[in-house]
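Written out below as structure tokens is the structure these notes cover.
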Amino acid sequence: MPDHPADTQEPTPDVLCVGDIAWADAEGLLAQYGLRLNRVADGDKIPGSYWGEPEAGVIAHDVYVRDDTPVHSMLHEACHLIVLPAERRAAVHTDATDSVEEEDATCYLQIVLAGRLPGVGSARLMADMDAWGYTYRLGSTRAWFEQDAENARSWLEQRGLPVS
């Protein structure tokens, strides 16, 4: 995962935020995977946020966001929980990654799920990931997803998680 933009002295990139989409759509998508989406008031600290505000936070089966949380962050953190077995999910607080394989699967899954979220879509999410600073050896999120993510795809398929 890349550094948070606040760590770079550059302005925060213009990306789609949770406040730009229908709350019920995001809440419903996460609920399909046994997750609860929790709205944090503007300006308040986001519980379980690894990178700090405005990044999403995770604690057990809960994903925490503010309206200024990027959609890619909400999906990324939710997908960290989705790829975990239920018994590991319950123990998560802030940092959910156990391996490179899980991280790759999380990135892949967030792109897939963006395609199921009205007003977002996979193409927009990949562009936002690039703008935010996600880096891949092929130079872009789309290139990685389309040409270099077979291991992530296989990992998800082996666990019965969506890949398209």
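For the residues Ala152, Ala131, the requirement of being assigned to a helix (DSSP H, G or I), touching a Pro at 6+ places or on another chain (Cβ under 6 Å) and in contact (Cβ under 8 Å) with a residue 12 or more places away in the chain singles out Ala131.
In the stretch 143-157, of all residues being in contact with a Leu (Cβ under 9 Å, 6 or more places away or on another chain) and crowded, with 19+ Cβ neighbours inside 10 Å, the one that is farthest from Gln32 (Cα to Cα) corresponds to Trp144.
Name every residue in the stretch 29-42 that is touching a residue at least 12 places away in the same chain (Cβ under 8 Å) and over 14 Å from Val92 (Cβ atoms), in order of residue number. Those that are touching a residue at least 12 places away in the same chain (Cβ under 8 Å) and over 14 Å from Val92 (Cβ atoms): Leu29, Leu30, Leu37, Asn38, Arg39, Val40, Ala41, Asp42. What are the pairs with Cβ atoms under 6 angstrom where one residue, in the stretch 14-26, is under 15 Å from His72 (Cβ atoms) and the other, located anywhere, is assigned to a loop (DSSP other than H, G, I, E, B) and open to solvent by less than 30 Å² (accessible area, probe 1.4 Å)? Sequence gap at least six, or different chains. Correct list of pairs: Val18/Thr69.
For the stretch 112-142, the tally of residues that are open to solvent by less than 30 Å² (accessible area, probe 1.4 Å) and within 19 Å of Trp23 (Cβ to Cβ) stands at 7. Taking the listed residues His72, His80, the one that is touching a Ser or Thr at 6+ places or on another chain (Cβ under 8 Å) and buried (at least 18 other Cβ atoms within 10 Å of the Cβ) is His80, with no other qualifying. Within the stretch 50-78, the residues that satisfy the criterion of being hydrophobic (A, V, I, L, M, F, W, C), at pLDDT 95 or above and closer than 14 Å to His93 by Cα are Ala56, Val58, Ile59, Ala60, Val63, Ala78. For the condition within 27 Å of Glu150 (Cβ to Cβ), open to solvent by 50 Å² or more (accessible area, probe 1.4 Å) and not acidic (Asp, Glu), Arg39 does not qualify.
The values are calculated or read from the model by the stated rules, or taken from the named source; none is laboratory data. Keep in mind that what you see is a predicted model, and the values were worked out from it rather than measured. Virtual Cβ from ideal backbone geometry, glycine too; neighbours counted across all protein chains shown. We work out accessible area using only protein heavy atoms, side chains counted, and drop any ligands, DNA or RNA first. Shrake-Rupley method; radii C 1.70, N 1.55, O 1.52, S 1.80 Å.
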